[in-house]
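Okay, so here's the structure we're looking at.
The values are calculated or read from the model by the stated rules, or taken from the named source; none is laboratory data. Remember, it's a predicted structure, so these values are computed and weren't measured experimentally. Using ideal geometry, Cβ is built from the backbone for each residue, glycine included, and neighbour counts are taken over all protein chains shown. With ligands, DNA and RNA removed, areas are computed over all heavy atoms of the protein, side chains included. Shrake-Rupley method; radii C 1.70, N 1.55, O 1.52, S 1.80 Å.
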Amino acid sequence: MKGNFRKKLEREENHLVRATVIVDGFEITDVPCKIFLPERIQEKPYIILKPTDENAKKIMASHKGSMSAIVYGFDKSKELTIETPKVYFSGSSTKYWGNGISDSTVPGEPQDLHVIHHYKDIDDIKHTDLELWISPNAFLTPSMSSTSSYTGDLEYKRVNTVSFELNNKINLVFDKHFRSKNTDNGDFIQWSFLVACVELEIPSDDVNTIKTEILPIVDDFLLIASMVSRQRTACLGWSASDKSSHAMFYRGNYVFPETVEGHDIDGGVVEFRDFERFMQVSYTAFLKYNNKLALRNALYSVFTKSSQTLETSFLKKFAGLETLLLDFRRSDSLEFVLENDKWSTLKKYLQKCIKDSTAPKLDADQRASMYRKLDELNRISLRESFDIFCKNFSINLSDLWPVFGDSKLVGLVDIRNKLIHGDPLPNSLFGPLIVAKEHLNYVLERIIVRILNWDIEETKIKPSYLKSRMTVIKDMISEQEKLSDYFLG
């Protein structure tokens, strides 16, 4: 943190304001504050407060608060508004110079920072051009051609247009925008980033409408695009302009996707040529799915951070599978064998049988232990539910590592059960665990693809494609034997 902070101080601030900081309900006014905005959309903003020594202690006593500032022009009109509902403070420092003179510095990480530049023109008709900042995704990026002018400058032309209509209000048009800067040593640096453009009939500074009515729809769309492209993609913030103001919003309390170099259109679940059609079909299916929370959870579970351990990654993917299966069991009444009243009658009968047993004779503790297990008899087994689930969605998993094993073969659920109870595998079995995790990922992808109403045969996870291209399919039997020998002895 300290090293990053020193590096940040080398930049000039974008804004210097007198801010109002609120911590634990206590308001501190006229705090000098430097605002540093990101140069690249994958970065996050930060602030540096210069409070008095006394106020610095109040701020750091809480470690979090809110901050706002308004800048007025010479004619007393509002020029700039900066607000953030939450700031995390860390690493404060104070230098004492003697005679009651001190210099305090409190760095902070603002969440959902909103910066609004106000114009003189007040327009009653609020037509806003919204530019959503999107993390890299090769499938959503339009193709560009470049030509060099006689001055040596590069000129870019869009080869194709990538757009999707999500509803009557939202028509996303994806584009590639460019920024550039000159470094201190005179070098010219240019970079591009992905945006999704939308036209809205709201004021550009109406952050609440964008957050509550626009962003959730875009997030769901990008989540599906993430799965099919195998590249975690998200909206990182936005800029919005109308005739009255220009606003920028930097998304906070949100983990930005990892940027993976070299990702291309060949790494997706479907062929690039089928991507647009897949999104149209799958997004429609997503909208019709009743428990969207469960489906979102499963979609998120497809992605694992590079920093996660192999065991954590496996458990996260299996949790996504269990979420969908549990939702299916509940929606199709597949949790219990008998209804409550019938089970209650049978349960009393079974309890009486246990109590009256004479061969063998059971003591009180043994009977109590069996009573506690009785309700499990009325639950439809996970395996039975899974078989019905796969049949219902026409999911063929016969070529993959079985989710449920048998007396001679360890299933993916057996691996999950061992890991979830804190029983790690030895390092010598990491190879088989890697193969099992990849198979689990294919299982999860096939299930999601079918729920989204797409044919597996039109994907790169169909049996014939995996068999011809993926070594984890060829290695499955040998790795199953290693794990089965360890589990079953």
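Annotations
- Solvent exposure ordering (accessible area, 1.4 Å, most first) of Ile134, Ile434: Ile434, Ile134
- Taking only the Cα atoms of the stretch 166-275, the radius of gyration and Dmax are 16.4, 49 Å.
- Accessible area in square angstrom per residue, the stretch 350-456, 1.4 angstrom probe: 53 Å²
- Once all protein chains are placed together, Asp206 keeps about 40 Å² accessible to a 1.4 angstrom probe.
- Semi-axes of the equivalent ellipsoid for the stretch 290-344, Cα gyration tensor, largest first, Å: 31, 13, 5
- Applying the criteria of a DSSP loop state and at most 13 other Cβ atoms within 10 Å to the trypsin sites (Lys or Arg not before Pro) of the stretch 348-427 yields Lys408.
- Sequence of Thr84, Thr323, Thr309 from largest to smallest accessible area, 1.4 Å probe: Thr309, Thr323, Thr84
- Projected area, mean over directions - the stretch 10-136, Cα convex hull, nm²: 10.7 nm²
- Here the stretch 443-485 is treated with +1 on each Lys and Arg Cβ and -1 on each Asp and Glu Cβ, and its dipole about the Cα centre works out to around 140 debye.
- Normalising the average separation of contacting C-alpha pairs (under 8 angstrom, six or more residues apart) by the number of residues puts the relative contact order of the chain at 10 percent.
- Every Cα-Cα pair of the stretch 377-418 was included, and the share exceeding 16 Å stands at 44 percent.
- Å³ per residue enclosed by the Cα convex hull of the stretch 216-305: 149 Å³
- Using a probe of 1.4 Å on the protein chains alone, the accessible area found for Glu376 is around 110 Å².
- The stretch 363-409 and the stretch 283-330 have Cα centres lying 20 Å from one another.
- Pairs from the list Lys317/Lys437; Lys316/Lys482; Lys44/Lys211; Lys391/Lys467; Lys34/Lys95; Lys64/Lys211 with a Cα-Cα gap above 20 Å: Lys316/Lys482; Lys391/Lys467; Lys64/Lys211.
- Fraction of accessible area attributable to carbon and sulfur, the stretch 409-455 (%, probe 1.4 Å): 48 percent
- Stretched out straight at 0.36 nm per residue, the stretch from Asp399 to Glu339 would grow longer than its current Cα-Cα span by 17.9 nm.
- Accessible area per residue, Å², the stretch 44-126 with all protein chains present, probe 1.4 Å: 57 Å²
- Option label - semi-axes √(5λ) of the Cα gyration tensor in Å computed here, alternatives [x] 31, 27, 22; [y] 40, 23, 22; [z] 51, 32, 24: [z]
- Heavy-atom surface of the stretch 188-263, accessible at 1.4 Å and reported per residue (Å²): 38 Å²
- Taking Cα atoms only, the orientation of helix 364-373 departs from the longest principal axis of the chain by about 60 degrees.
- Against the criterion of solvent-accessible heavy-atom surface with a 1.4 angstrom probe, Trp454, Trp191 sort, most first, into Trp191, Trp454.
- In the frame of its principal axes, the stretch 273-412 has Cα extents of 70, 35, 28 Å, reported largest first.
- Computed with every protein chain present, the accessible area of Ile477 is close to 110 Å² [probe 1.4 Å].
- Listed by chain and number, the lysines whose alpha-carbon sits under 19 Å from that of Lys342, ignoring those within fewer than 8 places in the same chain, are Lys352, Lys373.
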